[in-house]
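A short worksheet on the structure shown next.
Every number here is computed from the coordinates shown, using simple stated rules; none is lab data. All values derive from a computational prediction rather than experimental measurement. Virtual Cβ from ideal backbone geometry, glycine too; neighbours counted across all protein chains shown.
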Amino acid sequence: MSKQKTLMSQKNIENSWRLVNAQGKVLGRLATQIATALSGKDKVDYAPHIDNGDFVVVVNCRELVIKNADKVYQWHTGFPGGIKSEKATHRLEKHPERVLFLAVKRMLPRNILRNAMLKKLKLFPGAEHLHAAQNPQQWLNDDE
């Protein structure tokens, strides 16, 4: 009886670039799809210990739809009585990319690869982005 080994290689990982237009998309549904692409779970050669996800460029973060308009973000400053809070609608007006970033970050696995996955997420509040040279392919069209 011969022993067979499973070969897992990190050498030939190909990361593609995906472009997402967030206009009119629901925050939670979009964040789950982006987290899946960043972690590489939609690829055939997925392995939880290898970062083989794709780069994701998101434009028009300002036009995201939040279903729960009463959502409140809370954090603590570290000082006594330092509980701060902010409504999601206010944060979407002020810093629209932070809303999507935080949603995607909380959906990724809590391990050492999370920071590497988040570096591949590029968020822009408007329609213009800085990654035209990478030729990102349109992803998550409205007809899907």
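May I ask you to compute the full-extension gain from Ala127 to Arg98, defined as 0.36 nm times their residue separation minus their alpha-carbon distance, rounded to one decimal in nm? Mind showing how you got there, number by number?
Numbers: separation 29, 0.36 × 29 = 10.44 nm, distance 1.64 nm.
Working it through step by step, the gained length comes to 8.8 nm.
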Practice problem: Set the Förster radius R0 to 35 Å, insert the Cβ-Cβ distance between Asn141 and Lys5 as r into 1/(1 + (r/R0)^6), and round the FRET efficiency to 0.05. | Solution: 0.25
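To check you understand DSSP bridge types, tell me what percent of the beta bridges within the chain (both residues inside) are antiparallel, rounded to 5. It would help to have the intermediate numbers written out before the result.
Numbers: 5 of 16 bridges.
Antiparallel bridges: around 30 percent, rounded to the nearest 5.
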Exercise. Identify which of the listed values of Rg/Rh (Cα atoms, Kirkwood Rh) was calculated from the structure shown: [x] 0.98; [y] 1.09; [z] 1.06.
Key: [z]
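Determine, for Asp54, Asp42, the number of other Cβ atoms within 10 Å of each Cβ, and report the residues in order from fewest to most.
Ascending Cβ contact count within 10 Å gives the list Asp42, Asp54.
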Quiz item: Which order results if Val59, Val104 are arranged by neighbouring Cβ count within 10 Å, fewest first?
Solution: Val59, Val104
Quiz item: Which of the pairs Lys67/Lys119; Lys25/Lys71; Lys94/Lys122; Lys25/Lys87; Lys84/Lys119; Lys67/Lys87 have their Cα atoms more than 23 Å apart in this structure?
Solution: Lys67/Lys119; Lys84/Lys119
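Could you calculate the contour length gain from Met107 to Val44, that is, 0.36 nm times the residue separation minus the distance between their Cα atoms, to one decimal place in nm? Don't jump to the answer; show the numbers that get you there.
Numbers: separation 63, 0.36 × 63 = 22.68 nm, distance 2.05 nm.
Roughly 20.6 nm would be gained on extension.
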Practice problem: Take the Cβ-Cβ distance between Phe79 and Lys119 as r, set R0 to 30 Å, and report the resulting FRET efficiency rounded to the nearest 0.05. | Solution: 0.45
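Taking the number of other C-beta atoms within 10 Å as the exposure measure, put Leu30, Leu64, Leu102 in order starting with the fewest. Kindly include the intermediate steps, with their values, before the conclusion.
Values: Leu30 20, Leu64 23, Leu102 15.
By the 10 Å Cβ count, ascending, the order reads Leu102, Leu30, Leu64.
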